[in-house]
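Contents: one structure, followed by commentary.
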Amino acid sequence: MEQKYPLFGNLIKKQKINGVFSSPPYVGLIDYHEQHAYSYDLFGFERKDELEIGPLYKGQGKQAQESYTQGIADVLNNSKKYLIDDFNIFLVANDKYNLYPRIAKLAEMQIMNQYKRPVLNRTEKDKGAYSEIIFHLKKN
Ligand SMILES: C[S@@+](CC[C@H](N)C(=O)[O-])C[C@H]1O[C@@H](n2cnc3c(N)ncnc32)[C@H](O)[C@@H]1O
């Protein structure tokens, strides 16, 4: 981190992060490399499709769910070294396969609360009502 991003890398060594608020991909819903193909083209970024978590092309079967679970848990475990002990993590997820309890277990975190968020006005895909959960996670 210090070599690649010296300013941020040095700051993070002295000062840990209180928390993360993020919207990770949902299992088998969108191919983000495809959705953002123009930006890879425009900026000459190297594509890393095989590292994308939960892409549509892998589907939503058991194997895809397992690789999604491990992928998100790995991200959470990797984040810990940058976080204070009493961190708060909020993740927005459409967890229709109930994967987050196991993700939390693999990341040695506990789900403190789940906030239901109805999504009534979507700009993409269909206009059907849809709901998401915001998971509040803390260290075990
Ligand atoms: C639901 S979107 C949220 C994007 C962003 N938070 C926003 O609101 O615009 C999920 C994002 O996770 C990214 N993603 C998927 N797998 C990833 C990985 N292995 N490493 C980093 N980002 C990844 C996708 O490219 C996508 O941009």
All positions within the stretch 98-140 that are modelled with pLDDT of 85 or more and out of contact with any strand residue (DSSP E or B) (no Cβ under 9 Å at 6 or more places or on another chain)
Asn98, Arg102, Lys105, Leu106
Spot the failing condition for Lys116; the list is (1) touching a residue at least 12 places away in the same chain (Cβ under 8 Å); (2) more than 15 Å from Pro24 (Cβ to Cβ); (3) outside any strand (DSSP E or B), and only one is missed.
(3)
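This table checks each residue for (1) closer than 23 Å to Leu106 by Cα; (2) more than 19 Å from the chain's Cα centre (by Cα); (3) acidic (Asp, Glu).
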position	(1), (2), (3)
Phe8	no, yes, no
Asp49	no, no, yes
Gln60	yes, no, no
Gln65	yes, no, no
Tyr68	yes, no, no
Leu76	yes, no, no
Leu91	yes, no, no
Kindly evaluate Glu52 against the criterion of being touching a helix residue (DSSP H, G or I) at 6+ places or on another chain (Cβ under 8 Å), among the acidic types (Asp, Glu) and within 21 Å of Tyr97 (Cα to Cα).
yes
I'd like the full set of residues that are surrounded by fewer than 18 Cβ atoms within 10 Å (Cβ to Cβ) and among the aromatic types (Phe, Trp, Tyr), limited to the stretch 64-87.
Tyr82
Checking Phe135 against (1) farther than 20 Å from Ser22 by Cα; (2) within 15 Å of the ligand (Cβ to nearest atom); (3) not in a helix (DSSP H, G or I), only one condition comes out false. Which one?
(1)
Only residues in the stretch 25-47 that are touching a residue at least 24 places away in the same chain (Cβ under 8 Å) and among the acidic types (Asp, Glu) count as the first member; pair them with residues that are surrounded by 13 or more Cβ atoms within 10 Å (Cβ to Cβ) and assigned to a helix (DSSP H, G or I), Cβ under 8 angstrom, at least 6 apart or cross-chain, and list the lot.
Asp31/Leu56
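Where in the stretch 1-103 are there helices (runs of 4 or more DSSP H), lying wholly inside it, with at least 3 residues that are within 26 Å of Glu132 (Cβ to Cβ), more than 11 Å from the ligand (Cβ to nearest atom) and not small (Gly, Ala, Ser)? Step through it out loud before you land on a result.
On the way: elements: 6-14, 32-35, 37-43, 62-79.
Counting at least 3 such residues, we get 62-79.
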Which residue out of Phe21, Phe90 is in contact with a strand residue (DSSP E or B) (Cβ under 7 Å, 6 or more places away or on another chain) and loosely packed, with under 12 Cβ neighbours inside 10 Å?
Phe21
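The values are calculated or read from the model by the stated rules, or taken from the named source; none is laboratory data. Everything numeric in this text was worked out from a predicted model, so none of it was measured. FYI the Cβ positions are ideal-geometry reconstructions off the backbone, even for glycines, and counts take in every protein chain you see.
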